[in-house]
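Visitor: Let me begin by handing over the structure; questions about it come next.
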Amino acid sequence: MKVLVVGGGGREHAIVMKLAESPKVTALYCAPGNGGIAKYAECFPVKATDLEGMLKLAKELAVDWVFVAPDDPLVLGMADLMRENGFKVFGPSKRAAIIEGSKVFSKNLMKKYGIPTAKYEVFQDAQAAIDYVCAENTYPTVVKADGLALGKGVIIAQSESEAVDAIHSIMDDKIFGESGSQVVIEEFLTGPEVSVLAFTDGESVAPMISSMDHKRALDGDRGKNTGGMGTVSPNPYYTKDIAEQCMRQIFLPTMHAMSAENRTFRGCLYFGLMLTPEGPKVIEYNCRFGDPETQVVLPMLKTDLLEIMEAVENEKLGDLTIGWRSGACACVVMASGGYPGKYETGKTIQGLDEKGQAQGAAVYHAGTRLEDGAFLTAGGRVLGVTASGETLQRALDAAYQAVDTISFENAHCRRDIGKRALAALK
């Protein structure tokens, strides 16, 4: 089987590395890819959102499978286009990808089908949103842009002035573009946060190992929100009892709701959950593998990923037993100085071998390029340094040991990834 992976970040690198383990995969391609991915798959400079360009490439390479990894091309309908042209695809249709593409849609879906989530209201008018926030007068409160915003379209306002500023910046200043033409104002939920990715074919749901993301840029969960500064898996707060409750109240009801809406979901459905005092509630859905959650989940997968893709495509997921490794996995993101704000690129990365790897860890490249045999920084999040271990402490120790052998100018990373998880295990 020849497989084309669409995308070019750390998530895609983890997917490529997992597919490379499959005896069924004879050739791996990635577009646009990055410096690290180029060592494991042949890369082509086609943008992930270039639907026609990607179709042309798939035809030229005569691939058997297209794995559409990022949200943007899925929401634009890349999976549909590829299927219409005879390719097998891992990734939901445009109609199903709306579960991430529109927060208004997903919130209304949850309300209609009784899936637990935060109380919310939707607004198309900035002044109406401001009036509502002032009348509610409950802080913190959550302001969300309706559409995709690179994982950054959520502002947690601590006061009335912050909420008003958030509404103006999203709806009037359009800091997230047209994604902010509608906003969701939502109650602020408290409790441990859990990410659960799940394979689904529209008939069955197979949850993967849980994980814990670290969104803030700085230690102690301070600083700005980022795309994710590190992850650990499994999440110790996600117990067997909670997993069973989520399956009954959230996972299966969501899959059935999408099918009932004629939006059958096939692919990877991501559940962002909050374990509140009233029970688990959905914060958000994603229509694809999370980043950097994928980097700690896929290394724990024992079953051939291509076999799972085939089972999803053929609606035979319920017949497949998916195996997972025991132990734990940890990913520490090394980022460019200034990220998630302004940062410079083109810095030489030291400490990687010729495959872009480091001893004792898997290094997933998020924002790198290869130039004259050297790896250079080419993004905000640069590397996801990932290690497994019998215990979470051992996985973290191995990941940080590898981090300490890698360097580039103004590199920064959090030094407390997994600290809360370790405390929960005691």
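Visitor: Hey, quick one: spin label on ARG325, modelled 7 Å out along Cα-Cβ, who in the range 13-27 has an amide N within reach, i.e. under 17 Å?
Guide: 13-23
Visitor: Are there any helices in the chain, counted as whole DSSP H runs, that stretch 27 Å or more along their axis by Cα and score at least 0.5 on average by Kyte-Doolittle, and if so which? Intermediate values should be presented prior to the final figure.
Guide: On the way: long enough: none.
Qualifying helices, which must be both long enough and hydrophobic enough, do not occur.
Visitor: Note down the relative contact order for the range 359-400 as a percent, whole number, built from C-alpha pairs under 8 angstrom at least six residues apart. Please list the in-between numbers first.
Guide: Working: 60 pairs, mean separation 16.4, N = 42.
For the range 359-400, the relative contact order is 39 percent.
Visitor: So which GluC sites (Glu not before Pro) in the range 319-394 pass both tests, a DSSP loop state and at most 10 other Cβ atoms within 10 Å of the Cβ? Please list the in-between numbers first.
Guide: Details: sites: GLU344, GLU354, GLU371, GLU390; in loops: GLU344, GLU354, GLU390.
In loop regions of the range 319-394 (DSSP not H, G, I, E or B), the sparsely surrounded GluC sites (Glu not before Pro) are GLU354, GLU390.
Visitor: To continue, here is another question. Distance check, please: which entries in LYS56/LYS144; LYS119/LYS419; LYS88/LYS302 exceed 26 angstrom between their Cα atoms? The partial results should precede the final answer.
Guide: Working: LYS56/LYS144 36 Å; LYS119/LYS419 30 Å; LYS88/LYS302 23 Å.
Violating the 26 Å limit, Cα to Cα: LYS56/LYS144; LYS119/LYS419.
Visitor: What lysines could a cross-link reach from LYS240, if we take a straight Cα to Cα line under 19 Å and drop same-chain neighbours fewer than 8 places away?
Guide: Straight-line reach from LYS240, under 19 Å: LYS281, LYS426.
Visitor: Also, quick follow-up: Quick one: check the C-alpha center-to-center distance for the range 62-76 versus the range 327-384, whole angstrom.
Guide: 24
Visitor: Quick check: the distance between the Cα centres of the range 278-325 and the range 1-51, to the nearest angstrom?
Guide: Rounded to whole Å, the Cα centres lie 18 Å apart.
Visitor: Provide the per residue accessible area, probe 1.4 Å, for the range 381-426, rounded to a whole number of square angstrom.
Guide: 50
Visitor: Which whole-number percent is the relative contact order of the range 301-426 (Cα, under 8 Å, 6+ apart)?
Guide: Numbers: 211 pairs, mean separation 38.1, N = 126.
It comes to 30 percent, rounded to a whole number.
Visitor: Sequence gap at least 6, Cα distance under 8 Å: using those rules, report the relative contact order of the chain to the nearest whole percent. Working shown, then result.
Guide: Numbers: 1015 pairs, mean separation 71.7, N = 426.
Worked out over the chain, it gives 17 percent.
Visitor: Then there's this: Out of the range 245-302, which trypsin sites (Lys or Arg not before Pro) are coil in DSSP terms and have no more than 13 other C-beta atoms within 10 Å? Mind showing how you got there, number by number?
Guide: Values: sites: ARG248, ARG263, ARG266, LYS281, ARG288, LYS302; in loops: ARG263, ARG266, ARG288, LYS302.
Passing both the DSSP loop test and the Cβ count: LYS302.
Visitor: Output ³J(HN,Hα) for the range 374-391: one whole-Hz value per residue in order, computed from phi by the Karplus curve 6.51 cos²θ - 1.76 cosθ + 1.60 with θ = phi - 60°, and x for Gly and Pro.
Guide: Rounded to whole hertz, the list is 10, 8, 10, 6, 8, x, x, 8, 9, 9, x, 8, 10, 9, 10, x, 5, 10.
Visitor: Check each of the trypsin sites (Lys or Arg not before Pro) in the range 161-239 and keep only those in coil by DSSP with at most 15 other C-beta atoms within 10 angstrom; list them in order. Walk me through the numbers before you get to the answer.
Guide: On the way: sites: LYS174, LYS215, ARG216, ARG222, LYS224; in loops: LYS174, LYS215.
Hits after loop and neighbour filter: LYS174.
Visitor: While we're looking at this one, here's another question. Ignoring ligands, DNA and RNA, what accessible area per residue does the range 29-188 give at 1.4 Å, in Å²?
Guide: Details: 6750 Å² over 160 residues.
I get 42 Å² per residue for this part.
Visitor: Let me ask you something else. With a/c under 1.5 counting as rounded, go ahead and sort the chain into rounded, prolate or oblate using the C-alpha gyration tensor (a ≥ b ≥ c being the square roots of the eigenvalues; past the cut-off, prolate if a/b is larger than b/c, else oblate). All intermediate terms of the calculation are to be shown ahead of the outcome.
Guide: Working: a/c = 1.36, a/b = 1.19, b/c = 1.15.
Taking the square roots of the gyration eigenvalues as a ≥ b ≥ c, the chain is rounded.
Visitor: Shifting gears a bit: Just the number please: accessible area per residue for the range 216-328, 1.4 Å probe, all protein chains included, in Å².
Guide: Working: 4350 Å² over 113 residues.
Each residue of the range 216-328 exposes 39 Å² on average to a 1.4 Å probe.
Visitor: Something else now. Per residue, what volume in Å³ does the convex hull of the Cα atoms of the range 1-51 enclose? Numbers along the way, then the final one.
Guide: Values: hull volume 3.2 nm³, N = 51.
Normalising the Cα hull of the range 1-51 by residue number yields 63 Å³.
Visitor: Next question, about the same structure. Kindly provide the helix-only [θ] at 222 nm of the chain, computed as the sum of -39,500 (n - 2.57) over DSSP H runs of four or more divided by all residues, to the nearest 500 deg cm²/dmol?
Guide: Details: 14 runs with 121 residues, N = 426.
That calculation yields -8000 deg cm²/dmol at 222 nm.
Visitor: May I ask you to give the percent of accessible area on the chain that is carbon plus sulfur, with a probe radius of 1.4 Å?
Guide: Values: 8270 of 17200 Å².
Solvent-exposed carbon and sulfur of the chain make up 48 percent of the total.
The values are calculated or read from the model by the stated rules, or taken from the named source; none is laboratory data. Because the structure is a prediction, the values reported are computed rather than measured. In this analysis, Cβ positions are derived from the backbone assuming ideal geometry, glycine residues included, and neighbour counts consider all displayed protein chains. Ligands, DNA and RNA are stripped out before the accessible areas are found, and what is left, the full protein with its side chains, is counted by its heavy atoms. Shrake-Rupley method; radii C 1.70, N 1.55, O 1.52, S 1.80 Å.
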